[in-house]
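Colleague: Pasting a structure here, questions to come.
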Amino acid sequence: MKDYGRKTFSKQETTTLQKKCKTSINHFSLNKKRYSETNANSKKRSSPTISLIYRDFSGSNAVSLYKNIKENNLYDLEKIKLIKQGDVDAKIFHDSDIIVTTHGPIVNTARHKNKFYADLWHGLPLKTIGLDMKNAPSRSAIFEQWSGVNFKATLSELHSRISKNAFNIDNNSVFETGSPRNDLLIKSNGHKNLSKLLSQEIKKHIIVYAPTFRKSIYWPGQNDGKKSQKNIFGFEDFHLKSFEHFLQKLNAIVVVKTHPAEEPIIKEKLKSQCKGSFFLLTSEMLEKNNIDFYETLNASSMLITDYSSIFIDYLLLDKPILFSIPDRHHFELNRGLYSGSKQLTKCGLHCDDQPSLQASIKKCTLQSY
């Protein structure tokens with residue numbers, strides 16, 4: 001096994017995680033007694049009606065869970081629907097017994113207590129979340145939003161502790177189930193899916209660049225960092241032509257997947273920057289083709305990211321990870337990081353300027369092939 005400065009998951013651990021992912025939906029049936037108590041005033045049904053709410057196809061646990069359920073015939077498909085968050089209306093809400101989300105409840109659960117609320121979340125956080133955020137939008141709103149949640153899925157004991165503190169959730173409502181999206185990460189035909197999205201057969205090394213957001217359409221005015229928009233990687237100095245030449249020598253391309261919360265803000269600028277050996281993968285492309293981002297990731301040779309939780313999942317692939325965080329100081333100051341984040345990111349190489357990025361990519365490429 002090649003040494004990239006990190007430990008990797010064993011095959012046994014991967015198999016265990018896959019099994020946990022597939023049992024996520026079973027926790028709903030295990031909690032039918034609690035569901036009946038919560039929904040005592042509602043019309044009884046033999047099988048609860050489940051609405052899986054997704055924001056996008058960017059590593060969505062709701063999308064992944066639905067695909068797993070459909071493929072393995074785990075539930076009555078007449079009783080389970082996959083619905084985009086923006087399309088949820090009063091009728092859908094009224095007709096749903098169980099409402100499953102990935103970014104927190106979409107209603108004030110304290111005021112709507114006749115539903116069973118489940119949240120699958122979207123990764124193990126390195127950056128602070130919920131009540132732990134230095135720049136949290138509204139602490140009282142977070143309390144009210146999460147107070148009625150019946151089921152919170154987590155990846156591990158650490159994730160459970162973070163979730164309980166960040167959202168003030170009761171211990172009995174937290175379950176360590178694993179992450180459904182990792183089934184897609186491991187089992188999908190990434191090359192086939194990515195080739196379809198980019199409309200060409202890819203016969204080069206694929207480098208995925210997937211950073212987290214600094215600005216968000218969901219919290220206008222919030223800025224978690226101070227990353228330059230002058231170039232794709234946010235470096236103060238970047239020479240595109242020399243980097244293009246570098247990629248051509250390595251027979252490599254870079255697939256850029258920005259965070260969906262920031263994509264509408266920076267997409268047009270990225271489109272003008274993604275030329276030649278750079279390809280932009282947008283939320284619209286993914287959803288239009290019914291392909292989740294995690295159904296492409298195993299096609300890549302390496303991942304470049306920052307504080308995105310994607311790198312925790314990517315460890316399952318046993319491939320190189322590079323961390324590029326040119327605005328590290330501002331990010332820690334504005335958003336905040338959990339203790340141990342720096343230790344976790346030691347599992348990859350750090351590169352905060354163009355020379356160190358090229359050197360790291362070259363090192364990983366030479367070791368891999």
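The values are calculated or read from the model by the stated rules, or taken from the named source; none is laboratory data. Nothing here was measured: the structure is a model prediction, and the numbers come from that model. All Cβ positions, even for glycine, are placed from backbone atoms using ideal geometry, and neighbour counts span all protein chains on display.
Colleague: Within segment 351-361, can one find any residue that is closer than 25 Å to Ser179 by Cβ, in the same structural domain as Glu244 (by TED's automatic domain parsing) and among the acidic types (Asp, Glu)?
Modeller: no
Colleague: Same structure again: Do we find a residue being hydrophobic (A, V, I, L, M, F, W, C), under 24 Å from Lys215 (Cβ atoms), surrounded by 20 or more Cβ atoms within 10 Å (Cβ to Cβ) and touching a strand residue (DSSP E or B) at 6+ places or on another chain (Cβ under 7 Å) anywhere in segment 73-89?
Modeller: no
Colleague: Regarding Ile265, is this residue touching a strand residue (DSSP E or B) at 6+ places or on another chain (Cβ under 8 Å), surrounded by fewer than 22 Cβ atoms within 10 Å (Cβ to Cβ) and not in a strand (DSSP E or B)?
Modeller: It is true that Ile265 is touching a strand residue (DSSP E or B) at 6+ places or on another chain (Cβ under 8 Å), surrounded by fewer than 22 Cβ atoms within 10 Å (Cβ to Cβ) and not in a strand (DSSP E or B).
Colleague: Something else about it: So which of Ser64, Ser58 ends up being over 21 Å from Asp224 (Cβ atoms), crowded, with 20+ Cβ neighbours inside 10 Å and touching a Pro at 6+ places or on another chain (Cβ under 9 Å)?
Modeller: Ser64
Colleague: Just the residues that are touching a Phe, Trp or Tyr at 6+ places or on another chain (Cβ under 9 Å) and in a helix (DSSP H, G or I), please, taken from segment 167-185.
Modeller: The answer is Phe167, Ser173, Arg181, Asn182, Asp183, Leu184, Leu185.
Colleague: Taking the residues in segment 90-112 that are aliphatic (A, V, I, L, M) and within 22 Å of Gly123 (Cα to Cα) as candidates, determine which candidate is surrounded by the fewest Cβ atoms within 10 Å (Cβ to Cβ).
Modeller: Val107
Colleague: Quick check on Ser301: is it in contact (Cβ under 8 Å) with a residue 12 or more places away in the chain and over 22 Å from Lys204 (Cα atoms)?
Modeller: no
Colleague: Name the helices (runs of 4 or more DSSP H) wholly within segment 307-369 that hold at least 3 residues that are at pLDDT 95 or above, surrounded by fewer than 20 Cβ atoms within 10 Å (Cβ to Cβ) and aromatic (Phe, Trp, Tyr)?
Modeller: none
Colleague: Then there's this: If you scan segment 192-233, which residues turn out to be surrounded by fewer than 18 Cβ atoms within 10 Å (Cβ to Cβ) and either among the aromatic types (Phe, Trp, Tyr) or not assigned by TED's automatic domain parsing to the domain that holds Leu315 (or both)?
Modeller: Correct list: Tyr218, Trp219.
Colleague: Taking Ile162, is it part of a helix (DSSP H, G or I), of a type outside the set (Lys, Arg) and farther than 16 Å from Ser58 by Cα?
Modeller: yes
Colleague: Next question, about the same structure. Restricting attention to segment 268-306, report how many residues are closer than 26 Å to Arg328 by Cβ and part of a loop (DSSP other than H, G, I, E, B).
Modeller: Count: 5.
Colleague: Quick test of your reading of the structure: His205 fulfils all but one of (1) without any contact (Cβ under 8 Å) to a residue 24 or more places away in the chain; (2) touching a strand residue (DSSP E or B) at 6+ places or on another chain (Cβ under 6 Å); (3) not hydrophobic (A, V, I, L, M, F, W, C). Name the failing condition by number.
Modeller: Of (1) without any contact (Cβ under 8 Å) to a residue 24 or more places away in the chain; (2) touching a strand residue (DSSP E or B) at 6+ places or on another chain (Cβ under 6 Å); (3) not hydrophobic (A, V, I, L, M, F, W, C), only one is false for His205: (1).
Colleague: Against the conditions (1) under 17 Å from Asp313 (Cα atoms); (2) of a type in the set (Val, Ile, Thr); (3) touching a Pro at 6+ places or on another chain (Cβ under 8 Å), where does Ile162 fall short? Just the number, please.
Modeller: Against the list (1) under 17 Å from Asp313 (Cα atoms); (2) of a type in the set (Val, Ile, Thr); (3) touching a Pro at 6+ places or on another chain (Cβ under 8 Å), Ile162 comes up short only on (1).
Colleague: Of everything in segment 201-256 that's polar (S, T, N, Q) and not in a loop (DSSP other than H, G, I, E, B), which residue is farthest from Ala359 (Cα to Cα)?
Modeller: Asn223
Colleague: Take the conditions under 16 Å from the mean Cα position of the chain (by Cα), closer than 24 Å to Glu78 by Cα, not assigned by TED's automatic domain parsing to the domain that holds Ser341 and not charged (D, E, K, R) and apply them to Leu120. Does it pass?
Modeller: Taking the combined requirement at face value, the residue satisfies it.
Colleague: Checking the condition of a type outside the set (A, V, I, L, M), within 28 Å of Ile83 (Cβ to Cβ) and in contact with a His (Cβ under 9 Å, 6 or more places away or on another chain), which residue from Ser308, Ser300 passes?
Modeller: Residue meeting the stated conditions: Ser308.
Colleague: Mind listing whichever residues of segment 321-352 are basic (Lys, Arg) and within 16 Å of Asn223 (Cβ to Cβ)?
Modeller: Arg328, Arg335
Colleague: May I ask you to say which residue of Ser173, Ser179 is within 19 Å of Leu317 (Cα to Cα) and either in contact (Cβ under 8 Å) with a residue 24 or more places away in the chain or of a type in the set (A, V, I, L, M, F, W, C) (or both)?
Modeller: Unique residue meeting the criteria: Ser179.
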